[in-house]
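A short worksheet on the structure shown next.
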Amino acid sequence: MLDLEVNDQFDVARRDASSENSSMLKGVVILEALVGLKQPATLAQLMVITGMPKASLHRTLAIFEEASLVAREPGGRTYAPGQRLSTLAISTLTHDSASAIRHTILRKLVSDLGETCNLAVLRRGELFYLDRVEANWALRLHLPPGTVLPPHCSASGKLLLAFKSADERSRILENLPLEQFTHRTITDHHLLESELERIVSTGYAVDNEEYVLGVSCVAVPVRDSMGEVVAAIAVHAATARLPLNQAMEHIPKLKEAAAQISRTLS
């Protein structure tokens, strides 16, 4: 009799564990759906994608929202990845085993070009520096990994904005204050849109002293295994040492490094 009771307890424990694992996996599916859609999702959309019933989905989203893994957009009808999920994604990119390889690629690029290079992504409407290798010059701009910048005044930021889908780009630009940092900063939304279209057509972006006078930058896209632009690699330097037209001569080397980094994302 005792053996039967013990076996029953084991069976219940296994069913409970299986149920918990299933719930956890469904939670992962929800987060994957939100990230994959690349735009805020309604409850109805998530029900179709995940196959979860409304009550279970709503309950899980409430838990995720409390944990900052999910955020409800203004109006409360749509959901988007939360700050905690974004931070986790950035941390994964900067601490996974491939990050050392990407850093080595940047170091080699800096050695070849003789100027500072960086790798950046767009996070919640801001440019975020994932990695950066400084050239050995006394005159340089100090922007360590983890630094965030407005995207409209940097080559990498403009490039990443340019390759967003039209809807996502519009949403970001609608809420983006175009602060002026130098007399060259683009502060007009129509001019910025034109600049973004130019970037898409040419495949590179420049910062012509738009964030700091005397410093220019050139950036090219880094694509994932699906061909989506997910990051930007850039070189920047004092214009007294490297004028913008000369910096643009480094585009082939930048593209070569971008292709190498792309292979670490597959």
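When each of A219, A205 is tested for being under 12 Å from C153 (Cα atoms), assigned by TED's automatic domain parsing to the domain that holds I172 and surrounded by 23 or more Cβ atoms within 10 Å (Cβ to Cβ), the lone residue that passes is A205. Screening E73 against (1) surrounded by 17 or more Cβ atoms within 10 Å (Cβ to Cβ); (2) farther than 12 Å from K26 by Cβ; (3) in contact (Cβ under 8 Å) with a residue 24 or more places away in the chain leaves a single unmet condition, (1).
The criterion of at least 2 residues that are closer than 30 Å to R263 by Cβ and modelled with pLDDT of 80 or more is met, among helices (runs of 4 or more DSSP H) falling completely within segment 1-97, by 2-37. Among residues of segment 131-156 being within 15 Å of the chain's Cα centre (by Cα) and β-branched (V, I, T), the one that is modelled with the highest pLDDT is V148. For E249, the test of being in contact with a Lys or Arg (Cβ under 6 Å, 6 or more places away or on another chain) and either loosely packed, with under 13 Cβ neighbours inside 10 Å or part of a loop (DSSP other than H, G, I, E, B) (or both) is failed. Restricting attention to segment 203-223, does a residue exist that is part of a loop (DSSP other than H, G, I, E, B) and among the basic types (K, R)? No; the residues of segment 203-223 include none that is part of a loop (DSSP other than H, G, I, E, B) and among the basic types (K, R). Pairs linking a residue in segment 103-122 that is farther than 20 Å from L160 by Cβ to a residue that is of a type in the set (S, T, Y), with Cβ atoms under 7 Å and 6 or more positions apart or on different chains, are V110/T116. Tell me, which residue of segment 200-232 that is farther than 26 Å from E134 by Cβ and of a type in the set (A, V, I, L, M, F, W, C) is farthest from the chain's Cα centre (by Cα)? Checked segment 200-232; the qualifying residue farthest from the chain's Cα centre (by Cα) is V200. Report the residue count in segment 164-199 for those that are assigned to a loop (DSSP other than H, G, I, E, B) and charged (D, E, K, R). Selection size over segment 164-199: 4.
For L161, the stated conditions hold: it is over 21 Å from R107 (Cα atoms), at pLDDT 90 or above and in a helix (DSSP H, G or I).
The values are calculated or read from the model by the stated rules, or taken from the named source; none is laboratory data. Model, not experiment: these values are computed from the prediction. Cβ coordinates were reconstructed from backbone atoms using ideal geometry, including for glycine residues, and neighbour counts include every protein chain displayed.
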